[in-house]
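S.K.: My questions all concern the structure below.
The values are calculated or read from the model by the stated rules, or taken from the named source; none is laboratory data. Here the structure is a predicted model, which means the values were calculated and not measured. Quick reminder, even Gly has a Cβ in these numbers, built from the backbone with ideal geometry, and neighbours come from all protein chains shown.
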Ligand SMILES: C[S@@+](CC[C@H](N)C(=O)[O-])C[C@H]1O[C@@H](n2cnc3c(N)ncnc32)[C@H](O)[C@@H]1O
């Protein structure tokens, strides 16, 4: 899911050079495209889209240092980093792993919202909500408790696929998501009692203590580098015995890495430690992939935890 956003430079000639450069890029003439983009940035030094695209092309041309320089400029001239230049710097090993820019996530999913369900479910075989539903039933069955929840919070609710999967087992759903367009889609399902456009950490902070019986996050915590702050808030808002269920992407290493798909992958040991540090008790953690990429399942984890 590449975020291809265009931010006008405000200079007509520079914008036109950018358009020509994109045509050349699409035709495969990367050298000529890079040359035109450089001209565009000379005309409009604050032209974030040109700097970002230049970084992308230089990377494809194998010029790592020049790509890093262009991505740094893209980041510098757009304080919100809507193109996600900082992520490209992380992938290139030129920046340490840190949080994803909120403006980037919002731009990505606002742009993606109209085609989200067909692209994810049909094209990538997305199955996150179904995996969570099955895992929650299994975890509740193991402790002989009903899998029925009065109040649930759906973190990174997107268009509402998780609420759809849990609809029969939950009385009231609250959805929180950074993207207004995804929230509009979620609203149209009629499944949520409340919907909030917010970062999930901020959204949780605004909720009363012990006010939820279930928190789900389907394919949403993959956009968080550090899981602990959100997990701590989840613990605070859950009632004792309340349940957290989330999918994650994973890797064989120990901590957190950013994958080529620009989502974070959390090592299983890191997840176990984070769950414990947040004051939750792990009920289930197993390998299961929520989506495919390049026709292969992306390594993933399904996690269910409970507040003691
Ligand atoms: C891949 S979609 C999954 C949506 C939905 N949970 C589902 O299963 O279909 C990820 C969603 O998480 C949201 N998101 C990512 N980071 C977020 C954050 N820090 N706070 C709130 N929402 C976030 C995105 O806007 C997007 O709608």
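S.K.: So is residue 102 modelled with pLDDT under 95, out of contact with any helix residue (DSSP H, G or I) (no Cβ under 6 Å at 6 or more places or on another chain) and under 30 Å from residue 182 (Cα atoms) or not?
M.R.: Taking the combined requirement at face value, the residue does not satisfy it.
S.K.: Output yes when any residue across the stretch 206-216 is without any contact (Cβ under 8 Å) to a residue 40 or more places away in the chain, under 17 Å from residue 156 (Cα atoms) and surrounded by fewer than 16 Cβ atoms within 10 Å (Cβ to Cβ), and no when none is. Quick ask: steps written out before the conclusion?
M.R.: Just the residues of the stretch 206-216 that are without any contact (Cβ under 8 Å) to a residue 40 or more places away in the chain, to begin with: 206, 208-210.
Next cut, under 17 Å from residue 156 (Cα atoms) only: 206.
Retained after the next criterion (residues that are surrounded by fewer than 16 Cβ atoms within 10 Å (Cβ to Cβ)): 206.
So far as the stretch 206-216 goes, yes, one or more of its residues are without any contact (Cβ under 8 Å) to a residue 40 or more places away in the chain, under 17 Å from residue 156 (Cα atoms) and surrounded by fewer than 16 Cβ atoms within 10 Å (Cβ to Cβ).
S.K.: Has the stretch 112-131 got at least one residue that is within 15 Å of the chain's Cα centre (by Cα), more than 18 Å from residue 244 (Cα to Cα) and at pLDDT 95 or above?
M.R.: no
S.K.: From the residues in the stretch 242-267 that are without any contact (Cβ under 8 Å) to a residue 60 or more places away in the chain and within 13 Å of the ligand (Cβ to nearest atom), which one is nearest to the chain's Cα centre (by Cα)?
M.R.: 263
S.K.: Another question about this same structure. Can you name the residue in the stretch 223-241 that is within 14 Å of the ligand (Cβ to nearest atom) and surrounded by 20 or more Cβ atoms within 10 Å (Cβ to Cβ) and, of all such residues, is nearest to residue 106 (Cα to Cα)?
M.R.: Selected residue: 223.
S.K.: Considering every residue within the stretch 28-41, establish whether at least one is assigned to a helix (DSSP H, G or I), over 21 Å from residue 79 (Cα atoms) and out of contact with any helix residue (DSSP H, G or I) (no Cβ under 9 Å at 6 or more places or on another chain).
M.R.: Looking only at the stretch 28-41, we keep the residues that are assigned to a helix (DSSP H, G or I), and these are 30-41.
If we keep only those that are over 21 Å from residue 79 (Cα atoms) as well, we get 30-36, 39.
Then drop every residue that is not out of contact with any helix residue (DSSP H, G or I) (no Cβ under 9 Å at 6 or more places or on another chain), which leaves none.
Looking through the stretch 28-41, none of the residues is assigned to a helix (DSSP H, G or I), over 21 Å from residue 79 (Cα atoms) and out of contact with any helix residue (DSSP H, G or I) (no Cβ under 9 Å at 6 or more places or on another chain).
S.K.: Among the candidates 23, 35, 63, 29, single out the residue that is surrounded by fewer than 23 Cβ atoms within 10 Å (Cβ to Cβ), closer than 28 Å to residue 109 by Cα and more than 27 Å from the chain's Cα centre (by Cα).
M.R.: Numbers: 35 fails: closer than 28 Å to residue 109 by Cα; 63 fails: closer than 28 Å to residue 109 by Cα; 29 fails: closer than 28 Å to residue 109 by Cα.
None of the others qualify; the one that does is 23.
S.K.: Which of the residues spanning the stretch 73-86 are closer than 14 Å to residue 107 by Cα and part of a helix (DSSP H, G or I)?
M.R.: 85
S.K.: A follow-up question, please. Do any strands (runs of 3 or more DSSP E) lying entirely in the stretch 109-200 carry at least 2 residues that are surrounded by 21 or more Cβ atoms within 10 Å (Cβ to Cβ) and without any contact (Cβ under 8 Å) to a residue 60 or more places away in the chain, and which ones are they?
M.R.: 170-177
S.K.: Take the residues in the stretch 95-104 that are touching a residue at least 40 places away in the same chain (Cβ under 8 Å) and surrounded by fewer than 20 Cβ atoms within 10 Å (Cβ to Cβ), then tell me which one is farthest from the ligand (Cβ to nearest atom).
M.R.: Taking the stretch 95-104 as the starting set, the residues that turn out to be touching a residue at least 40 places away in the same chain (Cβ under 8 Å) are 97-100, 102, 104.
Okay, now just the ones that are also surrounded by fewer than 20 Cβ atoms within 10 Å (Cβ to Cβ), so 97-99, 102.
Values: 97: 15, 98: 13, 99: 8, 102: 7 Å.
Here the answer is 97.
S.K.: Name the one entry in 103, 99 that is in a loop (DSSP other than H, G, I, E, B), within 21 Å of the chain's Cα centre (by Cα) and under 24 Å from residue 264 (Cα atoms).
M.R.: 99
S.K.: Let me ask you something else. Scan the stretch 160-179 for residues that are more than 11 Å from residue 214 (Cβ to Cβ) and away from the ligand (no atom under 13 Å from the Cβ) and jot them down.
M.R.: 167, 168, listed by residue number.
S.K.: So, of the residues in the stretch 202-222 that are assigned to a strand (DSSP E or B) and farther than 25 Å from residue 250 by Cβ, which turns out to be nearest to the ligand (Cβ to nearest atom)?
M.R.: If we filter the stretch 202-222 for residues that are assigned to a strand (DSSP E or B), which is where we start, we get 212-217.
With the extra rule that they be farther than 25 Å from residue 250 by Cβ, the set shrinks to 212-213.
Working: 212: 16, 213: 18 Å.
In this case the residue turns out to be 212.
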